[in-house]
Structure formats: structure tokens, C-alpha cells
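Only one structure is covered here, and it is reproduced in the block below.
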Amino acid sequence: MTNAISIVGTRHPTEEGRLFAYNLAAALARAEITVVSGMAEGIDSAAHKGALDAGGTTVAVWGNSLDVVYPPTNRSLARRIKERGVVFSEYPPGTPPDRAHFPERNRIISGLSEGIVVVEAGKKSGALITADQALAQGRELFAVPGRPGAKMSEGTNALIKKGARLLTSWEDIFEELPRLKGNILVKKFSRLPDMTEIEKRIVEMFSAGPLQIDQLAANVSMPVEEIMEFLLALELKGVIRELSGKRFMLCEEYA
């Protein structure tokens, strides 16, 4: 599946981890990225809810048949996903949840996505199985760093040590996967500071995410030195900000 990112993690997250998963999923959904997860309690549920609340699409891969909702506490979430997203299972009707099913379904979670984000995970978390599947399938693997010594950070910090991309915001995903052409929504001009017509054209170009200055210059057929003046003006107005490598993006309040 193109334009999809999986968000997975522990069933027993910290409140900080739960909120991070929710906000990350919401940001991706607003960028028209489909959020995939396993509808387990904790991080999975937060990711599904974040995508739905932002008006986006989410896919839930179940470790049981579609006529059995698990966990039962997620019945209302399951209804919301069925109405505005997709639920998927490879098991025939009447199949209850089973411990062996969840590692099996994890290969589908990673297989549906361009990249996988592990938000919080203990040393033996099932989310680490999804991470292994992601690497085996050639997917990009991201992990959210946590406080040293914290139980729910042991798995994610270990993944980063092994080479997973450290993720602290949705921007890291677009930097690593520029082929994800998300439509980062821009506020209407009436809600933006006063801008010239050229500045408005430049702002519209950020609908697909961060851009390098040479790309911007080519898009408006303008020398780099000249477009820098407009970018500086937009920075001073608080509309865009500069990233590393002479790349620019919309400030969060306009994304």
C-alpha cells in the first residue's frame, strides 16, 4: 500500500507515549497518509484514534476474525474504523484471538506500509516483532527515543542502537521517505499573514512537505539568491522555517 505508515507500540504506554502516537497519527492523516496499526490497547489504539479524529484514513489488522472484536473495550473504535477506514484479517469467521496470531498479523502491518514507527516498547514487546518483519521486508524502520532506564524505552532505544531511524516528529518520516507525497494542509491565505503573490506561490509548494532551496528556485524559475529573499521574508513572518541542508518547511501552526 502506498502512502501508508504503521505506528505500533506497547499495550501499556506512558501517557506521554500515548499522546505522541495520537499526535503523530493525526499529523500523518492531515498529510493524507494512511495510518496502519493492530488495534491493540495502548499505542495502536491511540494511533487509530489520532488518524480518525484528524479526518484521515486508518487500517486495522486484526489477530482474529472480523466477527470477533478484540479487545472488547475497542468496540466503539472498531465501529469508527469500519465506517471511515479498513479492517483486515486473514482468519476465517469464528476465529478467536490467540497468542500465536499476533506475531503472524504483524507481518501484514509492516507489509502494508512504507515505514514502521515504534513509539514505546519494552524489552519483549510484540512491537519488536513488527520491527523485525519491517527489516525483513525492506521497510524503513523508525523508533521514538525514550528516557534511559525507562521500562517502555528499552525496546525503542535498542532499535535505535541497531540502526533504526530516530524519530522525534512527523518531519523525520518525510525526510527519510520523500516519495511519500503527503498533502500537508496549508491554512487559507485569509488566516495567514499578508503576503505577496510570489510568497503565496512559494507557500503552496510546501503542500508536499519540506523542500530544498534548489527545488524551490526551479519551481518558480528564479535564481537561488533571489528566492532566498522571499524565504527570509516568510521566515520573519513566521510562516516557514529552515531545516538542515538548506531545506524549508511550513511552521507547525500552518501545517
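Quick notes on this structure:
- The residue that is farthest from Val8 (Cα to Cα), among those in the range 103-129 that are of a type in the set (Asp, Glu) and at pLDDT 90 or above, is Glu114.
- Residue count for the range 54-80 satisfying the condition of being assigned to a loop (DSSP other than H, G, I, E, B) and in contact (Cβ under 8 Å) with a residue 12 or more places away in the chain: 13.
- Helices (runs of 4 or more DSSP H) contained in the range 101-163 and holding at least 1 residues in the same structural domain as Glu16 (by TED's automatic domain parsing), acidic (Asp, Glu) and over 19 Å from the mean Cα position of the chain (by Cα): 101-111, 154-161
Results for (1) free of Cβ contacts under 8 Å to residues at least 40 places away in the same chain; (2) touching a Lys or Arg at 6+ places or on another chain (Cβ under 9 Å); (3) not hydroxyl-bearing (Ser, Thr, Tyr), shown as yes or no for each residue.
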| position | (1), (2), (3) |
| --- | --- |
| Gly122 | no, yes, yes |
| Ser125 | no, yes, no |
| Phe142 | yes, yes, yes |
| Pro148 | yes, no, yes |
| Lys151 | yes, yes, yes |
| Arg165 | yes, no, yes |
| Thr168 | yes, no, no |
| Glu171 | no, no, yes |
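- Qualifying positions in the range 81-97 - in a helix (DSSP H, G or I) and either modelled with pLDDT of 95 or more or crowded, with 16+ Cβ neighbours inside 10 Å (or both): Ile81
- Scanning the range 147-174 for residues that are within 16 Å of Ile129 (Cβ to Cβ) and either loosely packed, with under 14 Cβ neighbours inside 10 Å or touching an Asp or Glu at 6+ places or on another chain (Cβ under 7 Å) (or both) returns Thr156, Lys162.
- Thr14 vs. criteria surrounded by 22 or more Cβ atoms within 10 Å (Cβ to Cβ), closer than 30 Å to Arg147 by Cβ and of a type in the set (Val, Ile, Thr): no
- Of the candidates Ala60, Ala78, Ala47, Ala100, the single residue that is on the phi < 0 side of the Ramachandran plot and at pLDDT below 95 is Ala100.
- Verdict on Arg80 being within 20 Å of the chain's Cα centre (by Cα) and either among the basic types (Lys, Arg) or not assigned by TED's automatic domain parsing to the domain that holds Pro145 (or both): yes
The values are calculated or read from the model by the stated rules, or taken from the named source; none is laboratory data. Because the structure is a prediction, the values reported are computed rather than measured. Glycine also receives a Cβ, built like all others from the backbone with ideal geometry; neighbour counts cover every protein chain displayed.
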